[in-house]
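Notes to accompany the following structure.
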């Protein structure tokens, strides 16, 4: 009985450090918010990876994309935008008109994600 108790305590002491080191760093496990940065500037935006609000139109999605990329110092224009049931899919083009990225914007949350 005593040996079983001692073995359980030792096992618990050996497992605790492994669990504490295996916890994620937050924001998808990447420091600094990941490849798309953390926030869009201004009081209206505020949410990570885009706008923290409902996106109801393609023009609204276009504005979110342009604001996001310009806040990072990138000059882009938005090409074709396709409306789907739950999101907008948009082409992001450089000033020469070449495809730089394909992004989706969730209609319910305004979150911006690259799919390119």
> Which residues, taken from the range 58-89, are in a strand (DSSP E or B) and either closer than 11 Å to residue 110 by Cα or touching a residue at least 12 places away in the same chain (Cβ under 8 Å) (or both)?
Replying inline: 77, 78, 79, 81, 83, 87, 88, 89
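The rows are residues; the columns are (1) surrounded by fewer than 17 Cβ atoms within 10 Å (Cβ to Cβ); (2) closer than 18 Å to residue 51 by Cβ; (3) out of contact with any strand residue (DSSP E or B) (no Cβ under 8 Å at 6 or more places or on another chain).
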position: 62; (1), (2), (3): no, yes, no
position: 65; (1), (2), (3): no, yes, no
position: 76; (1), (2), (3): no, yes, no
position: 80; (1), (2), (3): yes, no, no
position: 85; (1), (2), (3): yes, no, yes
position: 89; (1), (2), (3): yes, yes, no
position: 92; (1), (2), (3): no, yes, no
position: 98; (1), (2), (3): yes, no, yes
position: 103; (1), (2), (3): no, yes, no
> Is it true that residue 55 is modelled with pLDDT of 75 or more, closer than 14 Å to residue 112 by Cβ and in a loop (DSSP other than H, G, I, E, B)?
Replying inline: yes
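The values are calculated or read from the model by the stated rules, or taken from the named source; none is laboratory data. Nothing here was measured: the structure is a model prediction, and the numbers come from that model. All Cβ positions, even for glycine, are placed from backbone atoms using ideal geometry, and neighbour counts span all protein chains on display.
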